[in-house]
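The values are calculated or read from the model by the stated rules, or taken from the named source; none is laboratory data. Quick caveat, the model's predicted, so the values are computed rather than measured. Note that we place each Cβ from the backbone using ideal geometry, even for glycine, and neighbour counts take in every protein chain shown. In case anyone asks, the SASA skips ligands and DNA or RNA and just uses the protein heavy atoms, side chains included. Shrake-Rupley method; radii C 1.70, N 1.55, O 1.52, S 1.80 Å.
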Amino acid sequence: MIEKTVVELASALSTGSVSSVELTRAFIDRITTIDTQLNAYITVDEQEALKQAKEADEARARGAHSPFLGVPIAHKDLFCTQGTKTTCGSKMLQNFVSPYDATVVARLKDSGAVTLGKTNCDEFAMGSSNENSFFGPAYNPWGKNRVPGGSSGGSASAVAADLCAIATGTDTGGSIRQPASFCGVTGLKPTYGRVSRWGMVAYASSLDVGGPLAKTAHDAAVMLNAIAGHDPKDSTSVAVSTEDYTQSLDAPLTNLRIGLPRQYFSQDLDPRVAAIIQETARNLENLGATLVDIDLEKSTLSLPAYYVIAPAEASTNLSRYDGVRYGYRCEDPLDLEDMYTRSRTEGFGNEVKRRIMIGTYALSAGYYDAYYKKAQRIRRLIKQDFSKAFENVDAILSPTSPFTAFELGAKKDPVSMYLEDIYTLGVNLAGIPGISIPAGFINGLPIGAQLVASDFREGLLLNIAHQYQQNSDWHKQKPSMPMGV
Amino acid sequence: MALNEKNIKDIAHLARLKIEENEVVESLTDFSSILSMINEMQTVDTENIPPLANPHEQIQRLRKDAVTESNDRDNLLKLAPKTTDGLFLVPKVID
């Protein structure tokens, strides 16, 4: 039963062929036996999960219905959960228990979801391998000693290994899509502002967005239905009306134009990855779509622009961790300055410190125009590049990542790690939605295809992804577990 | 705009972080390679391109100036490393 999709589980729960308590117990048993190898979870709250499951069963007995009623899910440990620790993968928040639920968490609870626990991630969502977690790396169930990607690595690993039915993630530069690609699951990054950031711990506020990591596009649509929409508590959440994202799933792909950016299929791209994406394109063509070669001339600039804007916003956001109101405080501070400096130096890991310093530099007097303003001007060029492309096509197809999952410790210098996200960063800078779907395997490791559309066209992306999944079985492949790690 | 070891320590200080002596060289190397990647931006002419801060060019919405939060002082203070008499406690600032 645990291998089933959210849609299938909801159906089984509604017919009474399984109870939420039975299902939750089965997931917890699975986590207990498997997660010692994967480290996908930072916190599993068994008692709380079983309590929520019992409540869901009781609500159903009283006649209640909702899409997630009794379905066990997991949250990336970046979403605040009242009463359960929210660590952000950091020593800084090792013992932090939020006094409130994030809007995403509250909306899924309202929809009846049972929370199994909190998934592992790179510290404060900064990373592409999940190696930057204070609680140790999460592992990829598809290969021995392989990273699950990041930063939502624990969520991707947990969904792939059936340690939850579906999980939330956050995406600032690719943190939902790249781990989805590495772990063979479906990951949706909604339009900026489509999903409330309230209670989602901030990394880079003009880029961050929450979304699902799921077994199918259909499940991702069900979760988006639950979490999308304006939230008065987040002033950057947009007041654009939502839709029922499951309604358009079955639309035929005829009359759709799908663009393939020439710049993404350069000689530098691994020919095995290129072949898989070309094959995906042909399959979409067979389903009625028209393929068009397009240009995204400014795409190479997304890497430098992102690594100014994201660290700049991070340096500002993370100045709140000062050892005063919550979080880690150093032992025996000599004075206030010593308390700030040692609490931050001891509480943050290396990558977080590196990005805070880059951001501090980019925002400092004399460099603000040359770096931060410059990056924002380039951000506009990147947005214009996409807008121009969308005058001619409905969606853009590319690899999600240039590589499959690499081995732990394989990427030592920061810039080579940053290059992981070369195809995903521009989407965040432009604020548009993107989805990664399983598209094939290279040497037994999954690889994802990324589809991108213009603002608020998540429905279209889910439609294309669902139609592809009705005609392929990459997303149905399962890693053989347990495996040696 | 090549940086030196002193610049690294100064930047760390601005961010209230401390770089240990044995970490300065590695930190400078990483920082310099990231900056050289970032400096690719400088090759692009952005003379008449206005900065884009929010992807939807949204301006900050204001809400009514009304009390919406309840007094949650005790719960919030429970999160703090040190408190006294309903206040956050920090090392002495003024003698």
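Points to keep in mind about this one:
- Solvent-accessible heavy-atom area per residue, rounded to whole Å², over chain B at 1.4 Å: 75 Å²
- A Förster distance of 56 Å, applied to the separation of the beta-carbon atoms of B:Leu79 and B:Val25, puts the FRET efficiency at 0.90.
- Shielding value for A:372-382 is 6, the average number of Cβ atoms from other chains within 10 Å of each residue's Cβ.
- Dipole in debye (nearest 20) - the protein assembly as shown, about Cα centre, beta carbon charges: Lys, Arg +1; Asp, Glu -1: 440 debye
- Euclidean distance between Cα centres, region A:95-115 to region A:314-337, Å: 26 Å
- Qualifying GluC sites (Glu not before Pro) in region A:302-404, where qualification requires a DSSP coil assignment and no more than 10 other C-beta atoms within 10 Å, comprise A:Glu331, A:Glu391.
- When +1 charges are put on Lys and Arg Cβ atoms and -1 charges on Asp and Glu Cβ atoms, the dipole computed for region A:183-318 relative to its Cα centre reaches about 120 debye.
- Each residue of region A:31-48 was assigned a 3J(HN,Hα) from its phi angle through the Karplus expression (A = 6.51, B = -1.76, C = 1.60, θ = phi - 60°), giving 4, 4, 7, 9, 6, 4, 8, 9, 6, 6, 9, 8, 9, 10, 9, 4, 4, 5 Hz with x at Gly and Pro.
- Integer Hz, Karplus 6.51/-1.76/1.60 couplings in order for region A:349-357, x for Gly and Pro: x, 4, 5, 5, 4, 4, 6, 4, 5
- Note on chain A: with neighbouring protein chains present and a 1.4 Å probe, carbon and sulfur make up 48 percent of its accessible heavy-atom surface.
- In chain B, the longest principal axis of the Cα atoms and the axis of helix B:5-14 are about 30 degrees apart.
- Within 10 Å of each Cβ in B:13-25, the average number of Cβ atoms from other chains: 5
- Once the trypsin sites (Lys or Arg not before Pro) in DSSP loops with at most 13 neighbouring Cβ atoms within 10 Å are cut out of chain A, the longest remaining piece is A:145-411.
- When only the Cβ of Lys, Arg, Asp and Glu is charged (+1, +1, -1, -1), the dipole of chain B relative to its Cα centre reaches about 560 debye.
- Relative contact order computed over chain A (Cα-Cα under 8 Å; 6+ residues apart), in percent: 18 percent
- Structure-based [θ]222 nm, chain B - -39500 (n - 2.57) summed over DSSP H runs of at least 4, per residue, nearest 500: -9500 deg cm²/dmol
- For chain B, the relative contact order works out to 15 percent when only alpha carbon pairs closer than 8 Å and six or more residues apart are counted.
- Close amide H pairs (under 5 Å, H built 1.01 Å from N) link A:Ile294 with A:Leu260, A:Arg262, residues at least 5 positions away or on another chain.
- Sequence-distant residues sharing a close amide H with A:Phe406 (under 5 Å, placed H): A:Val147
- Restricting region B:37-95 to GluC sites (Glu not before Pro) that sit in a DSSP loop and have at most 14 other Cβ atoms within 10 Å of their own Cβ leaves B:Glu47, B:Glu57, B:Glu69.
- Taking region B:32-59 and a reference point 7 angstrom along Cα→Cβ of A:Asp369, the backbone N atoms nearer than 17 Å belong to B:42-52.
- Number of partner chain Cβ atoms within 10 Å, mean per residue of B:59-65: 2
- Phi angles across region A:389-401 convert, under the Karplus curve 6.51 cos²θ - 1.76 cosθ + 1.60 with θ = phi - 60°, into 3J(HN,Hα) values of 4, 6, 6, 10, 9, 8, 8, 10, 10, 7, x, 7, 9 Hz, Gly and Pro given as x.
- Amide H to amide H, with H built 1.01 Å from N, A:Ile442 comes under 5 Å of A:Ile447, counting only residues 5 or more places away or on other chains.
- Exposure rule at most 15 other beta-carbon atoms within 10 Å, DSSP loop trypsin sites (Lys or Arg not before Pro): chain B longest free segment: B:1-60
- Protection proxy ranking for A:205-214, A:461-470, A:414-423, using the average of other Cβ atoms within 10 Å per residue and placing the highest first: A:205-214, A:461-470, A:414-423.
- Unit charges at the beta carbon, dipole of the protein assembly as shown: most positive-side option, A:Ala220, A:Ala202, A:Phe124: A:Ala220
- Per residue accessible area of chain A, 1.4 Å probe, in Å²: 33 Å²
- Only protein heavy atoms count here, probed at 1.4 Å, and on that basis chains A and B bury about 5100 Å² of accessible area in total.
- Cα lying deepest toward the dipole's positive end in region A:345-485, options A:Thr345, A:Pro433, A:Ser454, charges on Cβ: A:Thr345
- Options A:Gly187, B:Ile19, A:Ser66, ranked by Cα towards positive dipole end of the protein assembly as shown, top entry (Cβ charges): A:Ser66
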